[in-house]
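For reference, the structure is listed below as structure tokens.
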Amino acid sequence: MLVKSKRGWELSDRDATPEGLYLTRRRFVTALAAGPILAGTLLGGCDDTGADAGKKAAAAATDDPSAKLYPVARNTRYGVDRALTEEKFATSYNNFYEFGSHKEIAKAAQALAIRPWTVKIDGMVEKERTIAIDDLLRQMPLEERVYRFRCVEAWAMTVPWSGFPLKALVDFARPLSSAKYLRMETFLDAAVAPGQKASWYPWPYVEGLTVAEATNELAFIATGLYGKPIARQNGAPLRLVVPWKYGFKNVKSLVRLSFTAERPRTFWEAIEAREYGFWANVNPQVPHPRWSQATEKLLGEGSSFEPKKVPTQLYNGYGEYVAPLYAELKGERLFM
Ligand code: MTE
């Protein structure tokens, strides 16, 4: 399906974020950074968005039955060379189209019931099964990893995810050796996620990896963020984290994992394959058809008028781990 209507995370060809939207957003982010009084002044009547919703989400996260599992020990193998993004920015500036095609979906996302929650494992596996989230959490090796995150819109953050290597879940699933891809699917319930009433999107949100990518040591399933259960707006109760790829690959609120022989058709690929391809590996040298990917703006850093921009790195700086995955792939659009 080709959607020509403008999406919230689409960017103008002049810059990675439409200037007006960006400045409004930066003003908002800077206001929050400046403290509650200024934030109150600038936000005026908008107390249900942004920081407030972030706070409510943090409270909701402590109601989560898995709260006692966190914090977990940090795996220092994956250290990064830049400061952590403040939690309030990562939990109030989100893409989650199920709850709206703009960034302030944190409040709306609180409608998502995260218990009971089950994950179905099917397709090319020894035995199909469905597992409840808390049973899964008990069986997975939890750890914390600080990763860089790079959205295709050219904003970026650095956050501490808690969770487990996706490889542990693949091993648990016992795929057949003939399985080549892992297809991952988000919940489908338009009654709680009004965005899913928009019939021009190919719901549910689907993403995919090759099994080789899924078992790469960097591929991670996040169940927590900032030492707590992950907030709904960030993809509770479990989401994919693949830091060498653009953010849209990091599918949220997973309910189904299927092993397949065929490459799955992903949500954004179905909408606009020329702009949001299957591989979507980060590369500053390969511009999006409508904007440059050379630099990225760090969430919550800099000012409205001078946001802090840093150079984007090939594979988002994770080439030493993942470049070999692609060495033999010829003729594929690896960076789009
Ligand atoms: N997963 C689902 N189910 N729905 C979405 O709209 N948006 C993607 C990704 N995962 C999205 C999703 C995009 S475009 C980005 S940049 C990241 O989630 C944003 O993650 P964050 O909100 O935790 O920063």
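Bear in mind that the values in this text are calculations on the coordinates, not laboratory data. Owing to the predicted nature of the structure, the values given are computational and were not obtained by experimental measurement. Here Cβ is always computed from backbone atoms with ideal geometry, including for glycine, and neighbour counts include all displayed protein chains.
State which residue is farthest from the ligand (Cβ to nearest atom) when the search covers only segment 174-191 and only residues that are of a type outside the set (Lys, Arg) and within 20 Å of the chain's Cα centre (by Cα).
Restricting to residues being of a type outside the set (Lys, Arg) and within 20 Å of the chain's Cα centre (by Cα), the top hit is 181.
Among (1) in contact with a helix residue (DSSP H, G or I) (Cβ under 9 Å, 6 or more places away or on another chain); (2) more than 16 Å from the ligand (Cβ to nearest atom), which single condition is residue 202 missing?
(2)
Can you tell me which residue is nearest to the ligand (Cβ to nearest atom) among those in segment 61-108 that are aromatic (Phe, Trp, Tyr) and in a loop (DSSP other than H, G, I, E, B)?
If we take residues in segment 61-108 being aromatic (Phe, Trp, Tyr) and in a loop (DSSP other than H, G, I, E, B), then 96 is nearest to the ligand (Cβ to nearest atom).
Conditions: (1) surrounded by fewer than 20 Cβ atoms within 10 Å (Cβ to Cβ); (2) within 22 Å of residue 320 (Cα to Cα). Residue 156 meets all but one. Number of the miss?
Evaluating residue 156 over (1) surrounded by fewer than 20 Cβ atoms within 10 Å (Cβ to Cβ); (2) within 22 Å of residue 320 (Cα to Cα) leaves (1) as the failure.
Using beta carbons and a limit of 7 Å, which pairs, at least six apart or on different chains, have the first residue in segment 193-213 and among the charged types (D, E, K, R) and the second one more than 9 Å from the ligand (Cβ to nearest atom)?
From residues that are among the charged types (D, E, K, R), the pairs are 197/190; 207/184; 207/266; 213/219; 213/325.
With the checklist (1) of a type in the set (Phe, Trp, Tyr); (2) crowded, with 23+ Cβ neighbours inside 10 Å; (3) more than 9 Å from the ligand (Cβ to nearest atom) in hand, flag the one item residue 278 doesn't pass.
Condition (2) is where residue 278 drops out.
Please verify whether segment 246-261 includes one or more residues that are small (Gly, Ala, Ser), buried (at least 20 other Cβ atoms within 10 Å of the Cβ) and either more than 14 Å from the ligand (Cβ to nearest atom) or on the phi > 0 side of the Ramachandran plot (or both).
Yes: one or more hits.
Hey, residue 213 hits all of (1) in a helix (DSSP H, G or I); (2) surrounded by fewer than 20 Cβ atoms within 10 Å (Cβ to Cβ) but one; which does it fall short on?
So residue 213 meets the others, but not (2).
Yes or no, residue by residue, for (1) over 30 Å from residue 292 (Cα atoms); (2) in contact with a strand residue (DSSP E or B) (Cβ under 6 Å, 6 or more places away or on another chain):
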site	(1), (2)
113	yes, no
119	yes, yes
132	yes, yes
145	no, yes
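When you scan segment 109-119, do you find a residue that is in a helix (DSSP H, G or I), buried (at least 18 other Cβ atoms within 10 Å of the Cβ), within 12 Å of the ligand (Cβ to nearest atom) and in contact (Cβ under 8 Å) with a residue 40 or more places away in the chain, even just one?
Checking segment 109-119: at least one residue is in a helix (DSSP H, G or I), buried (at least 18 other Cβ atoms within 10 Å of the Cβ), within 12 Å of the ligand (Cβ to nearest atom) and in contact (Cβ under 8 Å) with a residue 40 or more places away in the chain.
Within the set of pairs 6 or more residues apart or between chains, which connect a residue that is under 11 Å from residue 299 (Cβ atoms) inside segment 88-101 to a residue that is within 8 Å of the ligand (Cβ to nearest atom) and part of a helix (DSSP H, G or I) with Cβ atoms less than 9 Å apart?
Sorted first by the residue in segment 88-101, then by its partner, the pairs are 90/234; 91/233; 91/234; 92/233; 94/233; 94/234.
Across segment 262-275, which residue is surrounded by the most Cβ atoms within 10 Å (Cβ to Cβ) among those that are more than 14 Å from the ligand (Cβ to nearest atom) and under 20 Å from residue 154 (Cα atoms)?
Looking at residues that are more than 14 Å from the ligand (Cβ to nearest atom) and under 20 Å from residue 154 (Cα atoms), I get 273.
Can you name every residue in segment 150-164 that is hydrophobic (A, V, I, L, M, F, W, C), outside any strand (DSSP E or B), over 19 Å from residue 231 (Cα atoms) and within 10 Å of the ligand (Cβ to nearest atom)?
152
Within segment 298-305, is there a residue that is of a type in the set (Gly, Ala, Ser), within 19 Å of the chain's Cα centre (by Cα) and within 13 Å of the ligand (Cβ to nearest atom)?
Scanning segment 298-305, I find at least one residue that is of a type in the set (Gly, Ala, Ser), within 19 Å of the chain's Cα centre (by Cα) and within 13 Å of the ligand (Cβ to nearest atom), so the answer is yes.
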